[in-house]
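Step one of this worksheet: look at the structure below.
Bear in mind that the values in this text are calculations on the coordinates, not laboratory data. Computed from a prediction, not measured in an experiment: that's the story for all the values here. We place every Cβ from the backbone using ideal geometry, glycine too, and count neighbours over all the protein chains shown.
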Amino acid sequence: MAYEFDFGAIVPHWQLLLDGVVLTTELTVIGAVVGVSLGTLAAWARASRAPVISQIVGIYVELIRNTPFLVQLFFIFFGLPALGVKLSEFQAAVLAMIVNLGAYSTEIIRAGILAIPKGQIEAAQSLAMNRVQIFRYVIIRPALKKIWPALSSQIVIVMLGSSVCSQIAAEELTFAANYIQAVNFRAFEVYFVATALYLVMSVLLRWGLKIFGNFLFERRSHV
Amino acid sequence: MSEFSLWDIVYNLLLAARWTVLLSLTAFVLGGIVGLLLLMVRTAGNPWAMRLVRGYVELFQGTPLLMQLFIVFFGLPLIGIDVSPWIAAMLGLTLFTSAFLTEIWRGCVESIGLGQWEASASLGMNFRQQMRYIILPQALRIAVPPTVGFSVQVVKGTAVASIIGFVELTKAGTMITNATYAPFTVYGCVAVMYFLICFPLSLYARHLEGKLRHVAR
């Protein structure tokens, strides 16, 4: 049995794939920005000495890190409406990504915060900086700089994980691929191309995050 | 529509959870074997083989697990091999696991000082002997905590196999939801079961890490 590969069969559907790439990018960007912000706040809460909040954050982090993203997504999309929270496919996908990345980035950023030498904070206190100032200038920037590579990897993992959002019919890249193969029956070719697109996106994202990191941390650290 | 009590839901999910555990174990063991072979190829020193393994790792770390499963599931039939969802899931997850484990273990092997290689070479050991008696026993000690930690990722990865139709915990959750119309309860139970599998592994990994740090000091 010889199979004739026909990648040409995908060409008429390129617009769908492109739309999918755009939506995957949107999901990733929103998920990354909000998720890392959430993670930063949660890490701060966890590192602070407020025991109740710290414990709540700890439970959140462990719950999310020890269950699959797909199940979190299903719980949000199918389960939450039972509580009266109805979300569109896109909203559910974004929320799941934020919650997921939030938990991972909490742990990553917390590790960075714990690595800040105590003397730095004491020095800032002796300069009469208040808590917010200390957090902003003395703690979070050096902490983020230290853990930026780990955080970047996690953002790439979340971007790749977004492919399962196709299962709730969020119209991202995998959804587009599923749709196209249902139309032209060229499953292998379509998934091959989609995989290649993901590979390109992850390389670009990694590269973009590296440049962004340099911009954030290297230049201003001289000021 | 038949009535499902909470116990019925939990019981059926538990039955399906056996497949999650079985798939995780299979993928982890087979992935470990393949990963070890790739590690040997990569550390043996042939530059082309090294590049090949690096490309392999990049490929699996740079694409979604779901796509990898799709390609195995839809690709193998094209070359005349008919695969069931079980075989496709096992194969896909094995490849995925091997790529990550080989990368984790490479870091451990590289953390062994160059002096160890040189000393063992000066004793006339060949590559196999160096690995077997000098490098791996030392690297193993460092490798255990991140390897246990990664096993959590494998267990969570098996959830994606539900999408190609393999009936494990997540798929069973979807099927039961379709019968009971109680997604909140069912997916809640599914999440709890994953947590009960994964959390002990996470704790154990953390415990091992702590122990290692203690020894290192």
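Obtain the nm distance between the two label points defined at residue B:81 and residue A:111 by a simple spin-label model: each point lies 7 Å from its Cα along the Cα-to-C-beta direction. Using points 7 Å along Cα→Cβ, the separation is 3.6 nm.
Across segment B:115-129, coupling constants 3J(HN,Hα) worked out from phi with the 6.51/-1.76/1.60 Karplus curve, θ = phi - 60°, read x, 5, 5, 5, 4, 5, 5, 5, 8, x, 7, 8, 4, 4, 5 Hz, and Gly and Pro carry x. Note on A:206-214: average number of Cβ atoms from other chains within 10 Å of each residue's Cβ is 0. Helix A:173-184 against the longest principal axis of chain A: what's the angle in degrees, Cα atoms only, rounded to the nearest 10? The two axes meet at around 0 degrees.
Partner shielding of A:173-184 amounts to 1, given as the average count of beta-carbon atoms from other chains within 10 Å of each residue beta-carbon. Judged by the mean number of other Cβ atoms found within 10 Å, the most tightly packed of the peptides B:82-89, B:145-152 leads the ranking B:145-152, B:82-89. Cα centroid separation, segment B:85-116 to segment B:165-212: 24 Å. Expressed as an acute angle from 0 to 90° and rounded to the nearest 10, what is the orientation of the C-alpha long axis of helix A:51-65 relative to the principal long axis of chain A? That helix lies at roughly 20 degrees to the long axis.
Based on the Cβ-Cβ distance from residue B:7 to residue B:178, what FRET efficiency comes out when R0 is 22 Å, to the nearest 0.05? Walk me through the intermediate numbers first.
On the way: r = 19 Å, r/R0 = 0.86.
Step by step, r from the Cβ atoms, then E = 0.70.
Distance from the C-alpha centroid of segment A:173-187 to that of segment A:48-85: 32 Å, rounded to the whole angstrom.
Taking the C-alpha atoms only, the angle from helix B:65-75 to the longest principal axis of chain B is near 80 degrees. Over the residues of the protein assembly as shown, the helix contribution to mean residue ellipticity at 222 nm works out to -25000 deg cm²/dmol, using -39500 (n - 2.57) for each DSSP H run of at least 4. Over all pairs of different C-alpha atoms in segment A:12-217, the reciprocal of the mean inverse distance, the Kirkwood hydrodynamic radius, equals 18.5 Å.
Quote the FRET efficiency, to the nearest 0.05, computed for residue B:133 versus residue A:153 with a Förster distance R0 of 35 Å and r equal to the Cβ-Cβ distance. That gives a FRET efficiency of 0.55. Label positions at residue A:218 and residue A:19, each projected 7 Å from the Cα along the C-beta direction, are separated by 4.0 nm. Once both labels are positioned 7 Å from their Cα atoms along Cα-to-Cβ, the gap between residue A:183 and residue A:29 label points is 2.5 nm. Computed from phi, the 3J(HN,Hα) profile of segment A:94-103 under the Karplus parametrisation 6.51, -1.76, 1.60 (θ = phi - 60°) reads 4, 4, 4, 5, 5, 4, 5, 5, x, 5 Hz, with x in place of Gly and Pro. Inter-chain Cβ neighbour count for B:163-169, averaged per residue, equals 1 (cutoff 10 Å, partner chain atoms only). Using θ = phi - 60° in the Karplus curve 6.51 cos²θ - 1.76 cosθ + 1.60, the 3J(HN,Hα) couplings for segment B:155-170 round to 4, 5, x, 4, 4, 5, 5, 4, 6, 8, x, 7, 7, 10, 4, 5 Hz; x is entered for Gly and Pro. Here is the link list: A:86/A:146; A:146/B:211; A:86/A:145; A:118/B:156; B:156/B:211; A:86/B:171. Which ones come out longer than 28 Å on Cα distance? Beyond 28 Å: A:86/A:146; A:86/A:145; A:118/B:156.
Taking R0 as 25 Å, what's the FRET efficiency between residue B:114 and residue A:207 from their Cβ-Cβ distance, rounded to 0.05? List each step's numbers first, then the result.
Working: r = 31 Å, r/R0 = 1.23.
Once rounded, the FRET efficiency stands at 0.20.
From most to least packed by mean Cβ count within 10 Å, the peptides A:104-115, A:164-175 give A:164-175, A:104-115.
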